[in-house]
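Below is one structure, written out as structure tokens, with a few remarks after it.
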Amino acid sequence: MHPAHIEILDAAGLATALDWAAVEGWNPGVDDAPAFLAADPEGFFGAYVDGELAVTVSLVRYDDSFAFGGFYIASPDHRGRGIARSLSRFVLERAAGCVVGLDAVLDQEATYARDGFVTAHGTTRYTWSPTPVDRSVDRPIDARSVDARSVGVDLLAEYERALFPAPRGRFLAAWLAMPSAVSRAVVQGGVLEGWGLRRRCRSGHKVGPLFADSPEVADVLWQALVHGADGPVSLDVPDPNLGARSLIDRYGMTPVFSTRRMYLGGGPALDLDRVYGVTTLELG
């Protein structure tokens, strides 16, 4: 076998990685690629063998202190050859001096642990299916919620500073600008109390983030975000957020699968009680 050649993925290479993620059952968003590249244009890597993309890994650096990994996928023809491990080690060298986070599928938790990652908590994906009444666009939306874009990216980014380990205004601007995005925020007395976003995926939709100061605000946002949804909606809930249980139970959400949030270099202190839905498992 010829040695693998490592390159930073361009838009076409990232599109291939997203297609692979879809095959793996990760159900990426239809407009994810531009937003992901906005977070870090040099954060997605591929190992090529004989000119063919064999393995992908991402390591998005948000700043000099925090990076987030994902897209650890090998094409079926190149599995079991050590290419993925070599690419992963190469990419982690880029994160020297950073805390690195990732959301690991369960069968890879031990693999990441061997590289020094420590499990912080679990995350469970829940899915909700709308009824014909839910799909109606004529249903009123709670007046407490407004279009999150009207709030401004700076305020949204400031709100999540206790909820995510690094500032990421450039990514959030691109996330809000996705053609399929529906975003809502709750502002009362001039204070932002939570916000969320729904995006169209290969199958149905995902809500992420869903940040809220209380279960009541989370409920208001959830209702506004799923308003008119024409298919199933998924939500990735950190297991430590016990307040999310009322939301899950009220809407009869069904657990689909779990991941493990892991960190290399020390886990940050985050207010997970206000994280009702992770923004995206691929980028944190």
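The values are calculated or read from the model by the stated rules, or taken from the named source; none is laboratory data. Worth saying up front: this structure is predicted, and the values here are computed from it rather than measured. Ideal geometry is used to build each Cβ from the backbone, glycine not excepted, and the neighbour counts take in all protein chains shown.
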Condition first: at pLDDT below 90, surrounded by 14 or more Cβ atoms within 10 Å (Cβ to Cβ) and either among the β-branched types (Val, Ile, Thr) or at negative phi (or both). Can you find one or more residues in region 116-128 that meet it? no
Does Phe71 satisfy being among the aromatic types (Phe, Trp, Tyr) and touching a helix residue (DSSP H, G or I) at 6+ places or on another chain (Cβ under 6 Å)? yes
Those residues that are assigned to a helix (DSSP H, G or I) and under 18 Å from the mean Cα position of the chain (by Cα), I need them from region 94-108; list them, please. Leu106, Gln108
Condition check for Ser150: assigned by TED's automatic domain parsing to the domain that holds Met253, at pLDDT 90 or above and of a type in the set (S, T, N, Q): yes
Identify the single condition in (1) in contact with a Ser or Thr (Cβ under 9 Å, 6 or more places away or on another chain); (2) at pLDDT below 95 that Pro209 does not satisfy, given that it satisfies every other one. (2)
Residues in region 1-29 that are surrounded by fewer than 21 Cβ atoms within 10 Å (Cβ to Cβ), part of a strand (DSSP E or B) and at pLDDT 90 or above: how many? 1
Go through Arg245, Arg260, Arg250 for me and flag whichever is of a type in the set (Lys, Arg) and in contact with a strand residue (DSSP E or B) (Cβ under 7 Å, 6 or more places away or on another chain). Arg260
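Yes/no matrix, rows are residues, columns are (1) free of Cβ contacts under 8 Å to residues at least 24 places away in the same chain; (2) on the phi > 0 side of the Ramachandran plot; (3) among the aliphatic types (A, V, I, L, M); (4) crowded, with 17+ Cβ neighbours inside 10 Å:
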position: Arg200; (1), (2), (3), (4): no, no, no, yes
position: Ala212; (1), (2), (3), (4): no, no, yes, yes
position: Glu216; (1), (2), (3), (4): yes, no, no, no
position: Val233; (1), (2), (3), (4): no, no, yes, yes
position: Pro240; (1), (2), (3), (4): no, no, no, no
position: Ala244; (1), (2), (3), (4): no, no, yes, yes
position: Asp249; (1), (2), (3), (4): yes, no, no, no
Hey, Phe171 in a strand (DSSP E or B), closer than 26 Å to Thr56 by Cβ and either of a type in the set (A, V, I, L, M, F, W, C) or modelled with pLDDT under 95 (or both) or not: no
Answer residue from region 230-284, given it is part of a helix (DSSP H, G or I) and of a type in the set (D, E, K, R) and is nearest to the chain's Cα centre (by Cα) among those: Arg274
Return a yes/no flag: does region 68-91 have any residue that is on the phi > 0 side of the Ramachandran plot, part of a loop (DSSP other than H, G, I, E, B) and modelled with pLDDT under 85. yes
